[in-house]
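Just so it is clear, none of the values below were taken in a lab; they were calculated from the coordinates. Just so we're clear, the structure is a prediction, and the values are computed from it rather than from any experiment. Heads up, the Cβs are rebuilt from the backbone with ideal geometry, glycines too, and the neighbour counts pull from every protein chain shown.
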Amino acid sequence: MPTPTLYVKNTCYFCRKVLDFAATHHIHLMIKDIVSEPTGPEELLRIGGKLQVPFLVDARNGLSLYESDDIIDHLKRYYAHQSARISE
């Protein structure tokens, strides 16, 4: 099962909001910091069409999302319950 990829900037409040939610709910994400990774900005533009973060790519569900609240809602729906079952 592919791991969702989250494009972020370390200084972004909304990115931190998504990262904190994922950590609290033990959701594994592949993190790509578009500042520290040399190809990050070009990759984000190619996949998403703009340099806005946070940006989630969920290949398993065939979906890409901007906006932290939308990303968190998606993670709740598709991933939070799985992590709860794994930890039991």
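Structure above, values below:
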{"read-out": "The chain: proportion of alpha-carbon pairs further apart than 15 angstrom, %", "value": "55"}
{"read-out": "Inter-label distance for residue 39 and residue 11, nm, one decimal - labels placed 7 Å from Cα along Cα-to-Cβ", "value": "2.6"}
